[in-house]
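Since the structure comes first, as structure tokens, the remarks are kept for the end.
Just so it is clear, none of the values below were taken in a lab; they were calculated from the coordinates. Since the structure is predicted, the reported quantities are computational estimates derived from the model, not experimental observations. Glycine gets a Cβ as well: all are built from the backbone with ideal geometry, and neighbour counts include every protein chain shown.
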Amino acid sequence: DAMIIMNFQYRGSKQLYQLDDNTITIDNLVTKMSSNDHRMEAAGMNLSTDSFEVELLEKF
């Protein structure tokens, strides 16, 4: 569940950074996103943000 939440947060942040043309910190974000992507793929999880549900946040 934590990886699903992080995936949603990273992808949303990346979209916002691109809209704001924030090239200073996007590289750091992409590195974190890539690391989470690899973990999710290794666990057989879907990288789509469609699996995110607000209720997941209640677990943390």
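Okay, here's what the table says:
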read-out: Residue match in the stretch 5-12 (condition: of a type in the set (Val, Ile, Thr), free of Cβ contacts under 8 Å to residues at least 24 places away in the same chain and in a helix (DSSP H, G or I)); value: no
read-out: Those residues of the stretch 26-44 which are surrounded by 13 or more Cβ atoms within 10 Å (Cβ to Cβ) and over 11 Å from Met6 (Cβ atoms), in sequence order; value: Ile26, Leu29, Val30
read-out: Tally of residues being without any contact (Cβ under 8 Å) to a residue 12 or more places away in the chain and under 10 Å from the mean Cα position of the chain (by Cα) across the stretch 36-60; value: 1
read-out: Some residue of the stretch 9-25 being under 10 Å from the mean Cα position of the chain (by Cα), surrounded by 15 or more Cβ atoms within 10 Å (Cβ to Cβ) and of a type in the set (Phe, Trp, Tyr); value: yes
